[in-house]
Every structure is written in structure tokens, then in C-alpha cells.
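In what follows, a single structure is set out as C-alpha cells and then discussed.
The values are calculated or read from the model by the stated rules, or taken from the named source; none is laboratory data. The model shown is predicted, which means the values in this text are computed figures rather than measured ones. All Cβ positions, glycine included, derive from the backbone under ideal geometry; neighbour counts span all protein chains shown. Side chains are part of the model used for accessible areas, which takes the heavy atoms of the whole protein and leaves out ligands, DNA and RNA. Shrake-Rupley method; radii C 1.70, N 1.55, O 1.52, S 1.80 Å.
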Amino acid sequence: MKPAVIRQEPAASLQTARALPEEDRPIGIFDSGIGGLTVVREVMKILPNERIIYLGDTARVPYGTKSDRTIKAFTLQSCLFLLEHDVKMIIIACNTASAVALDFIANMFRIPVIGVIKPGSAAAASKTNTRRVGIIGTQTTINSHSYTRTLQSLNAQIEVFAQPCSLFVPIAEEGWLEHDVTMRVAEEYLKVFADTRIDTLVMGCTHYPILASAIQKTIDHVMGQHVHLIDSGIETAKQAKAILKESLLLNRSQSRTSNRFYVTDLPKNFSRVGQMFLGSAVDHVETVNVEIMGM
Ligand code: DGL
């Protein structure tokens, strides 16, 4: 186990301490656990030259049932850890942390900090014809109304219908992609959309892309027509590329040093679940402590 990473300075002091980021710095990606590897997978596809430092707060997952105060503190601690690795951008891959803590965190640092809610919402707003959009996510993400606010700030005429789907998280980790239980649970959750006339559904949780096929089949069946499924992780990877390009921070060299994966606890099922979420083996995993006393 690596030594604890403990920062004593207040976060704001980092603003003045940091020089402007350079293109060969890594991208930091943070999630409450392993789920954010679905976002890493998309970033690796869209930005193959970039080096990634991933932090999964596996010791304190799930965030989806925790209070705003706790999620903000955990997210700040995790971002400070990533800054220690001299990242040029932070992606908050966790929908729950993006919904609750992004506004609190974003202006503390000089580097860009992006979440998954805005990119997912922007894609949904441009895809919907009926201006009726469904959102699925954790209880905390749905309770925050963050997707609803963001969608309606993009287009005030959009009506949003939201449904928490908490059981999708353990089902995805089980790897039950189209198991009978998965289809039954999907039917139970998604039938609430039956009379809504949504034509677009946002998968507002890191775990849901693993179950995309089951979700697609079920929502199409419930609505009696094809529904556009939005993967917030894919949209976030595209936004990360656009921001890096605009800031002249894209890493153009082909010589990639390896990515690093940090977790706050190494769960027994890590390599099986990690491989399923990332789409390839997760190498170079280290356990760290990101807790800061008093936060
Ligand atoms: N990563 C979380 C999200 O995207 C799901 C798991 C959790 O509840 O922490 O909302």
C-alpha cells in the first residue's frame, strides 16, 4: 500500500501555485469507484495520445446514496489528489459527483474541470425532436435535478422525465448484461416512461453503458418505437477533446507512457469488473488514501 496522500493547504492556494498546464501533462479522471472506467474507455478511443491518471474512490463508493456535503468533500479530496499528479484537465466521470459537486469544485482550479452532465444534456437537447427527454441515474443524481436544469437551460421547451434506477449499478457489476433479472428490472424501472412520449433517454450513470443493450431493447419496447440512447461518457470525451484542442493542449506525440489507475481500496472483484468496464485489462493499479482530516 502506498503512503497516504494528504494535502494540508486550502484548495484555493493551488490556484496561485500552479503554472499554466502544458500539452504533455496527463488528464485526470475521477469517479466514485470503478464505473468511471466506462468514461476512460471513451477518452482512450477519442484521445489516443493522452495519458490518463484515474482515481476511483472504491473505499467510499457508492456516492449515489450519500448527502451533498459528503459528496462535495470526497470530490474535492479526490481532485486534490489528481492535481498532485500535475494533470492538465480533470474529468469528473461520476454523474452523482458531477451533479452535486462540479459547481463547487470547478472554479477552484486553473485547469479545466468538466463533468458529465452538461455534455450528456447537450447531446440530448440536440437529438430530441419531441422535446421530451428521459433521464435515468442514481437517486442522488435524480434528486439533484441537475440534468433537468441543464437541459432546460439549453432549451426551455424541453420537458424532462426522470427515474432513479439504483439496481442497475450492482447488476452491471455482476456482469448480467441481458440476464432475465436485468430485463425484468429494466422493465420495472423504464415502464414509467410509457406515456411520456420521450424520444431520447440519457444514461446518467457511469454503470449504465454496460447495460446499454438491455436498456435500449426495453425502452424501445416500452415506447413502441426507437428511442435515442445518450451515453454521457462518450459526449464528455468529445467535449474534453474540444476543450484541449481549443486551449492548444492536445498531446500530439505518439509516444504514450502508460496510464495510471489509483483506487482507495482494492475490491476483490476489481480485475474482473475493471476489465469489463474498461474493455481491456486494468494495469498499474495502486491503492492510495486521499482522505484529509477535518474534511
Ligand atoms: N459513479 C456513480 C454515478 O455515475 C454510480 C455509482 C455510485 O453511486 O457511486 O452516478
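With the structure loaded, tell me whether Val181 is outside any loop (DSSP other than H, G, I, E, B), over 20 Å from Asn129 (Cβ atoms) and over 24 Å from the mean Cα position of the chain (by Cα) or whether it fails that test. It would help to see each step written out before you state the result.
Details: outside any loop (DSSP other than H, G, I, E, B): yes; over 20 Å from Asn129 (Cβ atoms): yes; over 24 Å from the mean Cα position of the chain (by Cα): yes.
Considered against the rule, which asks whether it is outside any loop (DSSP other than H, G, I, E, B), over 20 Å from Asn129 (Cβ atoms) and over 24 Å from the mean Cα position of the chain (by Cα), Val181 comes out as yes.
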Problem set entry | segment 186-211: number of residues that are open to solvent by less than 30 Å² (accessible area, probe 1.4 Å) and within 16 Å of the ligand (Cβ to nearest atom) | 11
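Every residue in segment 228-242 that is β-branched (Val, Ile, Thr) and crowded, with 23+ Cβ neighbours inside 10 Å, please.
If we filter segment 228-242 for residues that are β-branched (Val, Ile, Thr), which is where we start, we get 230, 234, 236.
Hits for segment 228-242 are Ile230, Thr236.
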Seminar exercise, completed: Residue hits (segment 33-44; within 9 Å of the ligand (Cβ to nearest atom) and open to solvent by 10 Å² or more (accessible area, probe 1.4 Å)) are Ile34
For this session: Check every one of the helices (runs of 4 or more DSSP H) wholly within segment 198-295 and list those with 3 or more residues that are within 16 Å of the chain's Cα centre (by Cα).
Result: 232-246, 270-278
Exercise. Which of the residues spanning segment 45-73 are open to solvent by less than 30 Å² (accessible area, probe 1.4 Å) and part of a helix (DSSP H, G or I)?
Worked result: Ile71, Ala73
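Taking the stated definitions as given, is Val181 closer than 27 Å to Gly274 by Cβ and without any contact (Cβ under 8 Å) to a residue 12 or more places away in the chain? Full working, then the answer.
On the way: closer than 27 Å to Gly274 by Cβ: yes; without any contact (Cβ under 8 Å) to a residue 12 or more places away in the chain: yes.
Spelling it out, Val181 is indeed closer than 27 Å to Gly274 by Cβ and without any contact (Cβ under 8 Å) to a residue 12 or more places away in the chain.
Identify, please: which residue in segment 78-118 is assigned to a loop (DSSP other than H, G, I, E, B), away from the ligand (no atom under 16 Å from the Cβ) and farther than 21 Å from Arg260 by Cβ and is, among those, least open to solvent (accessible area, probe 1.4 Å)? So that I can check it myself, show each step before the final result.
Keep residues of segment 78-118 that are assigned to a loop (DSSP other than H, G, I, E, B), which gives 85-88, 93-94, 107-112, 115-116.
When the remaining residues are screened for being away from the ligand (no atom under 16 Å from the Cβ), the result is 85-88, 107-112.
Among the residues that remain, those that are also farther than 21 Å from Arg260 by Cβ are: 107-108, 110.
Details: Asn107: 127, Met108: 40, Arg110: 140 Å².
Filtering segment 78-118 for residues that are assigned to a loop (DSSP other than H, G, I, E, B), away from the ligand (no atom under 16 Å from the Cβ) and farther than 21 Å from Arg260 by Cβ, the one least open to solvent (accessible area, probe 1.4 Å) comes out as Met108.
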Problem set entry | Scope segment 119-131; condition part of a helix (DSSP H, G or I), polar (S, T, N, Q) and over 20 Å from the mean Cα position of the chain (by Cα); matching residues | Ser126
Problem set entry | Of all residues in segment 264-278 being modelled with pLDDT of 85 or more and open to solvent by 60 Å² or more (accessible area, probe 1.4 Å), the one that is nearest to Thr58 (Cα to Cα) | Asp265
